[in-house]
Structures are given as C-alpha cells and as structure tokens.
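Data first, discussion second: the structure below is written as structure tokens.
Values quoted throughout were computed directly from the atomic coordinates according to the rules given, and no laboratory measurement underlies them. Only a predicted model underlies this, so the values are computations on that prediction, with no experimental measurement involved. Note: ideal-geometry Cβ built from the backbone for every residue, glycine included; neighbour counts use all protein chains shown.
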Amino acid sequence: LWTPAQIIEDQVQRVREQVGDRHVLLGLSGGVDSSVVAALLHKAIGTQLTCVFVDNGLLRKAEGDQVMETFAKHMGVKVIRVDAEDLFLGKLKGEKDPEAKRKIIGNTFIDVFDEEASKIDGVEFLAQGTIYPDVIESAASKTGKAHVIKSHHNVGGLPETMKLKLVEPLRELFKDEVRKLGLELGLPYDMVYRHPFPGPGLGVRILGEVKKDYADILRDADAIFIEELRASGWYEKTSQAFAVFLPVKSVGVVGDGRRYEWVIALRAVETIDFMTARWAHLPYELLEKVSNRIINELEGVSRVTYDVSSKPPATIEWE
Ligand code: XMP
C-alpha cells in the first residue's frame, strides 16, 4: 500500500542519501514531470537545487511568468530564467521543415542549457523528470519521434565532459501517480492537471516558418480557446486542446472595410494514450463563442476553423 505522502517521504530520503551535500541541476519546463521533480527536490535538498528555465519564445501566454511565480516566488526554489526568445527565433529564421524546426529547437535548448549549467559551480547531479513509461519507451525504441521527444525533454544531449550523475526520483511512477505527488507537494491543481505541451512548443503549431508576430497572435488565440474550455468545463473532458497558426490570408469584412488576415485552426482531442485520438465533439455554442472572441479581439485573424480529423491518420499536432 502506498500513499503520495509515503512515496514523497521515501524519495526525499533516497535523494538525500544519493546527493549528500552536493548540488543538483534541473531543467524546469513547466510541464508536470519536471515541476514535480522540482518540488520534490526542493523539499529534499532545498538550496542545493538549481533549476534552469529556458524561455524559448515558443511558450504559451504568460507561461514563463507562471513558472517563476509558482516556483521562485511561492516556493522559494532557486530558478534561473533564461530569456532566449531572440536566439531561438533567430535560429529558426527561414526554416519551414517541421523536423528541421524540431531539431533546431532541441539543439538550441541544449546549447542554452549547457551554457547556463557551465556557469554554476560545483554541480554534480542532473535531475530529470523521467517517469516509468519513458523508461519502457526508450528501452523499446531508440529511434523515431518517441526518442526525439525524450532527448529533447530529458536533456539527453548534455556533453560527456559534464559527467553529471542522474537523479530520477519519478522513474518508477506512472503519470497519475506523479500528478498525485504534485498535489501532495503543494503544486497548483491547474499545473498538475494541465494538458501536455510539446517540447518544441508553438514552433510546431505555427505551420512553416516561425515568426514573432505569428507566435504572439497564436498565444492570444490559444489563451482565449483554453479560457473558454475551462469556463465551460470542457478542459477536463478533453485530453489536449490548442490553437494552430495557419500562415494563410483569408478575406473578412469589418464594417465597410475588407480585412485580409490570418487563419487560426482549433484542435481538441480525446485520447487515452495519445497514439490514437478522436476529435472532441465540442458544443457548437462553445466553438461559436471562441471563434467570435478570437476574430473580434485579435486584429490579425479573420477566420477560425475547427479541426475534425482523428488520429490516425491525422496526428494530434499539425506538424
Ligand atoms: P502527434 O502529433 O504525434 O502527437 O499525434 C502525440 C503527442 O505527442 C506530442 N508531441 C510532441 N511532444 N516533442 C514533444 O515533446 C515533439 O516534438 C512532439 N510532437 C508531438 C503531442 O503534443 C501529443 O501530445
């Protein structure tokens, strides 16, 4: 029999034994797994933990501030926030290919993370939010997207020279157990039960070339969609929901004038394992409200569409 409190106690002891009085580095993404590791390690070793949070400019609206608010301000965790928007967008300039974009984002993340890590003296451990399904998955396959996801999220590309030992306190846990640990550790419910967000972020939700204006519009559209999903109780009924930026101009009218603006696609799915998914049958009234708000509130958007493709054959993300 286990309870979240017991697992935490147990892991706190184990981490203390493993780490002693030495220092640990953690890449904090704001996702569930790394957030729970941060909270757990903070409880276990306090100021011996340093988190690095990289803002790549492809995060959701206010995401960076929320991470700092939760960890640095409320919990007193040592978090270094790196504002790397210009660097990421600069490297992505002109690149249209989805896999190439993923690689650029992943590699740039590793560069930024390594640079920050090298500035911190005396770090001997790297903490990772590896959970049990990750362990299984990487044992089963070393190729394909699963591995790309892993290598990005878990900072698999850290240089050999750093020779950091791993701290992986969630290695034996399933996602639902990790969430319960998170709540027990005092993380906000909304953070612990947030929909998954891909490592490359908005980089794969802006089709083709990534530009700052596109990312800004997309962030706003996505925030409106999520706000209305939460308000209507549909956020919990969907497994993942988000807006996608289509770099296509479409005509609209406002008063006497014609507008020629961008298109936003909305995507919401229900799934157990993310391998297959059904598009969510959101109420028309909800879609209508979201669409009206996006078009009325966002200058750059003249049209909203809803994605009614299931997986397979369509993937959940558009790229
Ligand atoms: P697809 O689009 O393959 O997505 O149906 C399945 C799940 O994986 C997420 N996803 C990613 N996560 N890096 C990530 O960390 C990626 O490159 C990536 N691509 C897709 C997607 O959001 C969905 O939850």
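Counting other Cβ atoms within 10 Å, keep those with at most 11, restrict to DSSP loop, and tell me which trypsin sites (Lys or Arg not before Pro) in segment 47-116 are left. If you can, show how the numbers build up before the last one.
Working: sites: R60, K61, K73, K78, R81, K91, K93, K96, K101, R102, K103; in loops: R60, K61, K93, K96.
Answer by residue number: K93.
Against the longest principal axis of the chain, how steep is helix 284-297, in degrees 0 to 90 to the nearest 10, with axes from Cα atoms?
90 degrees
Viscosity 1.567 mPa s, temperature 4 °C: Stokes-Einstein D of the chain from its Kirkwood Cα radius, in µm² per second? Display every interim value, and only then the final one.
On the way: Rh = 20.7 Å.
Answer, rounded: 62 µm²/s.
Taking only Cα atoms and a 10 Å spring cutoff, compute GNM fluctuations for the chain and point out the largest among D273, D86, D220.
D273
Based on other C-beta atoms within 10 Å, arrange F274, F113, F225 from fewest to most.
With the sparsest Cβ surroundings first, the list reads F274, F113, F225.
Just E209, E115, E184 to compare: in a GNM of the chain, with alpha carbon springs under 10 Å, which one fluctuates most?
In this elastic network of the chain, the residue with the biggest mean-square fluctuation among E209, E115, E184 is E115.
GNM, the chain, Cα, under 10 Å: largest mean-square fluctuation among P169, P283, P133?
P283
Helix-only estimate, please: 222 nm mean residue ellipticity of the chain, summing -39500 (n - 2.57) across DSSP H runs of length 4 or more and dividing by its residues, to the nearest 500. List each step's numbers first, then the result.
Details: 11 runs with 133 residues, N = 319.
It lands at -13000 deg cm²/dmol.
Short version: what are the Cα gyration tensor semi-axes of segment 232-300, square root of 5 times each eigenvalue, largest first, in whole Å?
Here the semi-axes work out to 28, 14, 8 Å.
Would you mind pulling out the separation of the Cα centroids of segment 1-75 and segment 85-146, in Å?
18 Å
Quick check on segment 4-192: what are the equivalent-ellipsoid semi-axes from the Cα gyration tensor, as sqrt(5λ), descending, whole Å?
After diagonalising the Cα gyration tensor, the semi-axes are 26, 19, 17 Å.
How much length would be gained if the chain were fully extended between Q13 and Y306, taking 0.36 nm per residue of separation minus their Cα-Cα distance, in nm to one decimal?
Numbers: separation 293, 0.36 × 293 = 105.48 nm, distance 4.89 nm.
Net length gain for the segment: 100.6 nm.
Taking the Cα-to-Cβ direction at E137 and at Y284 and moving 7 Å from each Cα, how far apart do the two end points lie in nm?
Using points 7 Å along Cα→Cβ, the separation is 3.8 nm.
More than 22 Å apart: what percent of Cα pairs in segment 187-319 qualify?
36 percent
For the cross-link pairs K101/K237; K175/K212; K103/K165; K101/K211; K237/K311; K61/K91, which exceed 23 Å when the distance is taken from alpha carbon to alpha carbon?
Cα-Cα > 23 Å for K101/K237; K175/K212; K103/K165; rest within.
List, in order, the whole-Hz ³J(HN,Hα) value for each residue of segment 198-215 obtained from phi through the Karplus relation with A = 6.51, B = -1.76, C = 1.60 and θ = phi - 60°; use x for Gly and Pro.
x, x, x, x, 5, x, 9, 10, 10, 6, x, 5, 8, 10, 4, 4, 5, 4
Just subtract the alpha-carbon distance of Q66 and K237 from 0.36 nm times their residue separation and send over the number in nm, one decimal.
Extra length available between Q66 and K237 comes to 59.2 nm.
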